[in-house]
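The values are calculated or read from the model by the stated rules, or taken from the named source; none is laboratory data. Everything quoted here is computed from the prediction, not taken from an experiment. Don't worry about glycine lacking a Cβ; one is built from the backbone with ideal geometry, like all the others, and counts go over all protein chains shown. What goes into the accessible areas is simple: the full protein's heavy atoms, side chains included, and nothing from ligands, DNA or RNA. Shrake-Rupley method; radii C 1.70, N 1.55, O 1.52, S 1.80 Å.
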Amino acid sequence: MSDNGSNGTGFIGASLKRKEDARFLTGRGRYTDDINLPGQLYAHLLRSTVAHANLGSVDISAAEAAPGVHAVFTGPDMEGVGGIPTGWLIHSKDGSPMVEPAHPAMAIGKVRHVGEIVAIVVAETRDQAREAAALIDIDYQELPAAASIEAARADGAPLVWDEADGNLCYDWEVGDRAAAEDAIAGAAHTVSIDVVNQRLVPNAIEPRAAIGSFDPTTDVYTLYTTSQNPHLIRLLLGAFVLGLPEHKLRIVAPDVGGGFGSKIPHYAEEAIITWTAGRLGRPVKWTSDRSEAFVSDTQGRDHISTATLGLDEDGKFVGLKVSTQANLGAYLSTFATCVPTYLYGILFAGPYTTPAIYCEVEGVFTNTVPVDALRGAGRPEATYLLERLVDKAAAATGIDRVDIRRRNFIREFPYQTPVALQYDQGDYDATLDLALEASDWDGFEARRSEAAGRGKLRGIGISTFIEACGIAPSAVVGSLGARAGLYEVGSVRVHPTGSVSVFTGTHSHGQGHETTFAQIVAETLGVDFEAVDVVHGDTNAIPFGMGTYGSRSLAVGGTAIYNAVQKVIAKGKKIAAHLLEASEEDIEFADGNFTVAGTDRSKSIGEVALTAYVPHNYPEGLEPGLEETAFYDPLNFTFPAGTHVAEVEVDPETGVVELVAVTGADDVGRIINPMIVNGQLHGGLAHGIGQALLEHCEYDAEGQLVTGSYMNYTMPRAGDLPNFNINHNTTHCTHNPLGVKGVGEVGSIGVPPAVINAVVDALSPLGVTHIEMPATSERVWQAIQAAQAQD
Amino acid sequence: MDDFQYHAPSSVDGVLSALRGADDGKVLAGGMSLVPVLKLGLAAPSHLVSLRNVPGLSDIEDHGHCLKIGACCTHAQVAASSVVQERIPALAAMAGRIGDPQVRNCGTIGGSVAHNDPAADYPAACVGLGATIITDRRKISSDDFFGSMFETALEEDELVTAVCFPIVARAAYAKFENPASKYAVAGVMVAQGDDGVRVAVTGAGAGVFRVAEMEAALADDFSADAVAGIGVSSDGLLSDNVAGAEYRAHLVTVMARRAVEACG
């Protein structure tokens, strides 16, 4: 075996077609809403139409009497059931714990955002449930809303929670404030920036759904749900909400159509549906429609920040200070509190040697839909701020944008940042050089001139970035307040005839795990790719797992599978040694064969497997069977890195930004399936471009969602995107055996600042120095108007 | 969606009598606006009267001085029609940019003009080209047909059966799209025909409107420069999360100039 874990069979590194695509592309996927259980009833969740109100009377009598209705429940009916828990405890600067308000599954006494669940109606049909819900008479005694960070932090703002003064959940910090401030005070140059990282709606293509059921013969509850992490849901729903032990609660997350983070949290709907099924003794199904998803799926981003960077005379960064306010929404979703802190503040070294860094974050309650992870989760927000600031620093010092980045690159590894992370490996010059070459950076001025001849303002922008993925070492995150470990579990079951079932605690909802993990096993175990199937998404089938998010599935889950394969091989060597009448130490394993070193005497993995299950001639004391499980707790985060270059043309008359080129030079670690990796990059880039140019979740002052449909929330379409020029320069992660890092979030982290830097570059001849995301045509036009008015 | 009675008569008279017999009847053509409204519960008509079985409403006829386009012609049909492409290319091009392929293959010209969405393209095409709306009982000049948003000159039980577009010397439509919905934020049809120059704007205001100052300038000098400096007031223009009134006003001028340029 080579040092990269390869057995040389060629499965690792091959762009094999995805095993899962045949069913997905022919409409034969089995999603939660495709599942129907005998006797199933349908639920409609009645949601608040106002952002902040005391709940007066809630009259359900007419709904209860409506045709087909089996039950109507409201918040007080669930009293005694636990609240929805939060997964991460954050401490403020003064050491005090965050304000952690109650989170009842359905509103009790008060509603705090549009979309909050007030009642559940269960009926024979979906239409009956919906029509009956319309008969519920709710007396909303409306209160003033705090619908934005600014409104919530203003003097005399309405309080979302009485116990949270100033609507503050926490006031957190990381880094050395005095060191950063001193460095900035003594710097030759300082440059500051105010940026907004706008709120986004995740928009997974499959809306959420849930089916709860209860089996009175076993007292087992089963919940089918659209989740990225079924075991985590079992833990939270069982232990914290319903008080059920693990063996009485089964969670199945079947095919799931995208998540982007919005299917990580444990949602109130999961608790309500499961509890209702138990109350009624009938299965209950709820399926969100798109309008409902807009006001009930967790949303992402929503920061306001100000930052200052100090530089010495040579353009070296000497100190960075960042102050951020992060909107958490009305309730604390599962990972809401860690996204703008431990997934954000610790990213501010980026790929640079800045020696003194300080970041403080106010977590703010507002009367809006809860905020949680969204593709990148904290890291896009940090990267955007840093890379905009670096461009401003280049402009302020007169140093070339590329040169100033190069002057500050980290080149010695491992590198301990001033904000907690230790980077194990990277080659930032290599990805920068590759991106500059692939994008023909040096030829840009000719393209700018050519565009000018057509009346267009052409600009080019760059971002050089790192991300922390492969989440995460349990002891590290535990010390930072995580209430769970973040290891992963893999089981490899070699069947008697040599085919293999792989069980993973990660969950695939578009990532292609069924293919990638099969490639790892086929290669390392020396079996055929078609002989390997990957099983995921069912707590009854999988030993345990923490799920899929934070670009962790391959680095953490893939390593667990790899380690389980190594255990299988180790046991196989004992069996082979016995069959070959050789010493175990003399057995070598390669290409699916156990061979006595220096001879041609060997046994195949298939022969060994059959022997393990038909142990007539078998090593004394060795257990029959060939199945191994590995729990893998990573030693560190992984640090994918890269350079993204964007090129835009602005129509100065209309402000329309056309994205004409995007070049990526990425180091995502060792690549198992290049086609899947590039697909992940494409998706992430589309997501990041959506944030840079198109998407914006807006509320009005009363807390009503203005952008509640695709009529006014702009998703990126194929026509909005150029062909992506994807390039790879790979360094291997040093602390996992596969050398893998992660890829799912790269595009959404790296490309937004490149796009905005390109827009600002295009407009810079007019005197424009900044534009907020999304750089819509109206915003660009207004920036041009404002710049011209100053002339 | 609430329950409703569904009718699909096989004649115009059948449609009209079904409408008259209903408490709150609505005509269903392509359904591209009505069905979403029903699904969102924003309207709950007692009866839907479909035009799908009425023959003769999907023809495109060349009458020499004008094209008569049946009310049930889809946008895709108009866009792909060789006679429309040849006789009024601006109309075919406009129809080919409405919405998306699904909308173009279901949505109809009659449904669009009867609905009079303030951001729809057809109102600008009708008013800009000087079209006449044909109903079951009369002919209505498009200048008189379109009111403010969702309002038309149609009686409660009156059915659009066709739209007649005069052949013009030259015309072009320039549209600035809402990036999310693809509706017009500012769509301008400019045409020069027998009765002079017409400039009609959709998307920017509460309903389609003409810009007299631009029409006069173009009558005098049909060139892009003639309209480039003519602004429209932002008073009364729409304002939403995509475009404020000031920006829309600006876009009207830009789109008008681009339409004139496209006239060649």
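Once the cut-off is 22 Å, how many percent of the Cα-Cα pairs in segment B:170-263 end up in the long-distance tail?
Counting pairs separated by more than 22 Å, the tail of P(r) holds 20 percent.
State in Å² the accessible area per residue of the protein assembly as shown; use a 1.4 Å probe, count heavy atoms of protein chains only, and round to the nearest integer.
Value for the protein assembly as shown: 36 Å² per residue.
Run the numbers for A:Gln416 and A:Glu623: contour at 0.36 nm per residue of separation, minus the present Cα-Cα distance, in nm.
Answer, rounded to one decimal: 70.0 nm.
Add +1 for every Lys or Arg and -1 for every Asp or Glu among the other residues with Cβ under 15 Å from the Cβ of A:Glu313, and state the total.
-1
Principal axis lengths of segment B:40-109 from Cα atoms, whole Å, largest first?
Sorted largest first, the three principal extents are 42, 26, 16 Å.
Can you give the net charge of the other residues whose Cβ lies under 11 Å from the Cβ of A:Glu647, counting K and R as +1 and D and E as -1?
Charge balance near A:Glu647 sits at -1.
Based on the alpha carbons, how large is the Rg to Rh ratio for segment A:25-131 when Rh follows Kirkwood?
Reported Rg/Rh (Cα atoms, Kirkwood Rh): 1.10.
Might you work out the accessible area of A:His113 for me, using a 1.4 Å probe with all protein chains in place, and round it to the nearest 10 Å²?
10
Per 5 Å bin, what percent of the C-alpha pairs of segment B:114-192 does each bin hold, from zero upward?
Per 5 Å bin, starting at zero, the Cα-Cα P(r) for segment B:114-192 comes out as 3, 15, 24, 23, 17, 11, 5, 1 percent.
Largest first, what is the accessible-area ranking of B:Glu86, A:Glu653, B:Glu213 with a 1.4 Å probe?
In descending accessible area the options line up as B:Glu86, B:Glu213, A:Glu653.
Determine Rg/Rh for segment A:303-368; Rg is computed over alpha-carbon atoms and Rh is the Kirkwood hydrodynamic estimate from the same atoms.
Rounded to two decimals, Rg/Rh equals 1.09.
Using only alpha carbons, build the gyration tensor for chain B and give me the equivalent ellipsoid semi-axes, biggest first, whole Å.
Semi-axis lengths for chain B are 31, 21, 15 Å.
Select from A:Ala65, A:Met773, A:Pro619 the residue farthest towards the positive end of the dipole of the protein assembly as shown; place +1 on Cβ of Lys and Arg, -1 on Cβ of Asp and Glu, and compute about the Cα centre.
A:Pro619
Which of the listed residues, A:Phe465, A:Ala253, A:Phe637, is farthest toward the dipole's positive end in the protein assembly as shown, when Lys, Arg count +1 and Asp, Glu count -1 at the beta-carbon?
A:Ala253
With labels modelled as points extended 7 Å from the Cα through the Cβ direction, what inter-label distance (nm, one decimal) is found for A:Asp700 paired with B:Gln85?
4.5
Over all residues in A:128-136, what is the mean tally of Cβ atoms on other chains that come within 10 Å of each residue's Cβ?
1
Once the whole set of protein chains is in place, how much accessible area is left on A:Asp427, using a 1.4 Å probe, in Å² to the nearest 10?
Looks like 60 Å² after rounding.
Given R₀ = 25 Å, FRET efficiency for A:Glu581-A:Asp533 by Cβ-Cβ distance, to 0.05?
Efficiency for this residue pair is about 0.15.
Projected area of segment A:187-244, taken from the Cα convex hull and averaged over every viewing direction, in nm²?
8.1
Please check segment B:170-189 for residues whose accessible area, probe 1.4 Å, is lower by 40 Å² or more when all protein chains are in place than in their chain alone.
B:Phe176, B:Pro179, B:Ala180
What number in nm² do you get for segment A:147-210 if you take the convex hull of its Cα atoms and divide its surface by four?
Seen from a random direction, the Cα hull of segment A:147-210 projects 8.8 nm² on average.
For segment B:150-194, run through the GluC sites (Glu not before Pro) and keep only the ones in DSSP coil with at most 13 other Cβ atoms within 10 Å of their Cβ.
B:Glu151, B:Glu155, B:Glu156
If we restrict to alpha carbons, what Rg and Dmax does segment A:388-480 come to, in Å?
Values for segment A:388-480 (Cα only, Rg and Dmax): 17.9, 59 Å.
Given a 1.4 Å probe and heavy atoms of the protein chains only, how would you sort A:Met711, B:Met255, largest accessible area at the top?
Sorted descending by solvent-accessible area, the residues read A:Met711, B:Met255.
Taking the Cα centroid of segment B:202-264 and of segment A:167-201, what is the distance between the two, rounded to the nearest whole Å?
Between the Cα centre of segment B:202-264 and that of segment A:167-201, the gap is 45 Å.
Be a star and scan segment A:563-586 for residues whose amide nitrogen sits under 16 Å from the point 7 Å along the Cα-to-Cβ vector of A:Thr599.
Within reach of a label on A:Thr599, which here means backbone N under 16 Å from a point 7 Å along Cα→Cβ, segment A:563-586 contributes A:573-586.
In square angstrom, rounded to the nearest 10, how much accessible surface does B:Arg257 have for a 1.4 Å probe?
Approximately 40 Å² of B:Arg257 is accessible to the 1.4 Å probe.
Helix-only estimate, please: 222 nm mean residue ellipticity of chain A, summing -39500 (n - 2.57) across DSSP H runs of length 4 or more and dividing by its residues, to the nearest 500.
-7500 deg cm²/dmol, from helical runs alone.
Give me the Debye-computed log₁₀ of I(q)/I(0) at q = 0.08 Å⁻¹ for the protein assembly as shown, equal point scatterers on Cα only, no solvent, two decimals.
The calculated log intensity ratios at q = 0.08 Å⁻¹ are -0.92.
Quick one: pull the percent of accessible area on the protein assembly as shown belonging to carbon and sulfur, 1.4 Å probe, ligands and nucleic acids left out.
Solvent-exposed carbon and sulfur of the protein assembly as shown make up 49 percent of the total.
With charges only on Cβ, +1 for K and R and -1 for D and E, what is the dipole size of the protein assembly as shown about its Cα centre, in debye, rounded to 20?
Once rounded to the nearest 20, the dipole reads 1360 debye.
Can you find, among A:Pro216, A:Gly453, A:Ala146, the residue farthest towards the positive end of the dipole of chain A? Put +1 on the C-beta of Lys and Arg, -1 on that of Asp and Glu.
It is A:Pro216, whose Cα lies furthest towards the positive end.
Ordering A:Val284, A:Val706, A:Val295 by accessible area with a probe of 1.4 Å, largest first, what comes out?
A:Val706, A:Val295, A:Val284
Placing +1 at every Lys and Arg Cβ and -1 at every Asp and Glu Cβ, with all other atoms neutral, what dipole size does segment B:1-53 have around its Cα centre, in debye to the nearest 20?
180
Kirkwood Rh and Cα-based Rg: tell me the resulting Rg over Rh for segment B:1-53, rounded to two decimals.
Rg divided by Rh gives 0.96.
If one computes P(r) from the Cα atoms of segment A:175-273, what percent of pairs lie at distances over 24 Å?
Percentage above 24 Å: 46.
Using the Kirkwood radius built from alpha carbon pairs, what does the Stokes-Einstein equation give as D for segment A:241-324 at 4 °C and 1.567 mPa s, in µm² per second?
The Stokes-Einstein estimate is 74 µm²/s.
Scan chain A and note any complete DSSP helix (H) whose C-alpha atoms cover at least 27 Å along its axis and whose Kyte-Doolittle average is -1.0 or more.
The answer, listed by residue number, is A:559-580.
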